[in-house]
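*Asks:* Below you'll find the structure I mean.
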Amino acid sequence: MKQIYAIGIIAVGILMTACRTPKNVTYLQDLKDGETVKVLNYKGITLRPQDAVSIVVNTKTTELTNLLNLPLSTQVIGAPQTAALAQSHGTSGYTLDSEGNVDFPLVGKIHLAGLTREEAAARVKQTLEEKQVAANPVVTVEFLNLKFSVLGEVGHAGEFGINRDKTTLIEALGMAGDMNLYGKRDSVFVYRQEGDHQRVYALSMLNGRELLSSPAYYIQQGDVVYVQPNNYRKRQSSANATEVTTASFWLSALSVLTTLAVLVFK
């Protein structure tokens, strides 16, 4: 009777080991329903030298509007103002020079590096008013070439555009099809260019509090997100890894069953 009981315990242990669900799969495991967590204060993407933006200015007169949107507007003579503005949106833009300036019509250089889209629009509007070029203009600034990359164990790796002020690491992974089952969730790397240096952030998707307070929680232009392979994927990368893993499991199981048979029929 004791032998049968021992056999049952061993068999259950084998089944539990084979069917156990890993604990390192679910995101943000430490956060509970209804819990409030303070997120790192982040005002949004700020412009850098070599970034490209579109700057569209609307004024009370068609002539002035066309002059201020020369790089964007290709108005046909005799066409109404609304048609000219419709043609101007997104046609081309301004690239910040190495000092973070753009050369804007009628006013010259405007420094935009270090500013968010909203701040850049306010800076352009202020400059136009201070130089008495336009009274109460409406200025719109949009990103043109801002991108980030996601590599490694995700649904579809690649380069993705940034079209809004705040994009989180979770959203970035979602854009790349999320991490697959082979991704190492407790060690996701974000590589970020900071001046002449590249900074590396190692983040755990399992720890919500640490993730939400990290400077790398919000994606910036030029970021490279890399999802490392877990140990199972590393084993698969070797030749015939799947067959070896399967054979090892069944050999171990056969060894245990053989031991059990000896105990029963001894």
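*Asks:* Identify all residues within region 106-135 that are under 16 Å from residue 67 (Cα atoms) and polar (S, T, N, Q); write none if there are none.
*Replies:* 127, 132
*Asks:* Something else now. Name the pairs: first residue in region 91-114 and more than 16 Å from residue 139 (Cβ to Cβ), second residue open to solvent by 80 Å² or more (accessible area, probe 1.4 Å) and assigned to a loop (DSSP other than H, G, I, E, B), Cβ to Cβ under 6 Å, at least 6 apart or on different chains?
*Replies:* none
Residue-wise test of (1) open to solvent by less than 60 Å² (accessible area, probe 1.4 Å); (2) touching a helix residue (DSSP H, G or I) at 6+ places or on another chain (Cβ under 6 Å).
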| residue | (1), (2) |
| --- | --- |
| 125 | no, no |
| 128 | yes, no |
| 131 | no, no |
| 145 | no, no |
| 151 | no, no |
| 160 | yes, yes |
| 164 | no, no |
| 168 | yes, no |
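*Asks:* Right, residue 115: aliphatic (A, V, I, L, M) and out of contact with any strand residue (DSSP E or B) (no Cβ under 8 Å at 6 or more places or on another chain) or not?
*Replies:* Here the answer is yes, as residue 115 does meet what is asked.
*Asks:* A follow-up question, please. Out of 235, 164, 209, 185, I need the residue that is modelled with pLDDT under 95, closer than 23 Å to residue 114 by Cα and of a type in the set (Lys, Arg). Which one?
*Replies:* It is 164.
*Asks:* Could you say whether any residue in region 203-215 is assigned to a strand (DSSP E or B) and either open to solvent by 60 Å² or more (accessible area, probe 1.4 Å) or touching a residue at least 60 places away in the same chain (Cβ under 8 Å) (or both)?
*Replies:* Within region 203-215 (the criterion being assigned to a strand (DSSP E or B) and either open to solvent by 60 Å² or more (accessible area, probe 1.4 Å) or touching a residue at least 60 places away in the same chain (Cβ under 8 Å) (or both)), the answer is no, since none of the residues qualifies.
*Asks:* Quick one: is residue 186 open to solvent by less than 80 Å² (accessible area, probe 1.4 Å), farther than 23 Å from residue 43 by Cβ, part of a strand (DSSP E or B) and among the acidic types (Asp, Glu)?
*Replies:* Considered against the rule, which asks whether it is open to solvent by less than 80 Å² (accessible area, probe 1.4 Å), farther than 23 Å from residue 43 by Cβ, part of a strand (DSSP E or B) and among the acidic types (Asp, Glu), residue 186 comes out as yes.
The values are calculated or read from the model by the stated rules, or taken from the named source; none is laboratory data. Keep in mind that this is a model prediction, so the values were computed, not measured. As a convention, Cβ positions derive from the backbone with ideal geometry for all residues, glycine included, and neighbour counts pool all protein chains shown. Surface areas here come from the heavy atoms of the whole protein model, side chains and all, with no ligands, DNA or RNA. Shrake-Rupley method; radii C 1.70, N 1.55, O 1.52, S 1.80 Å.
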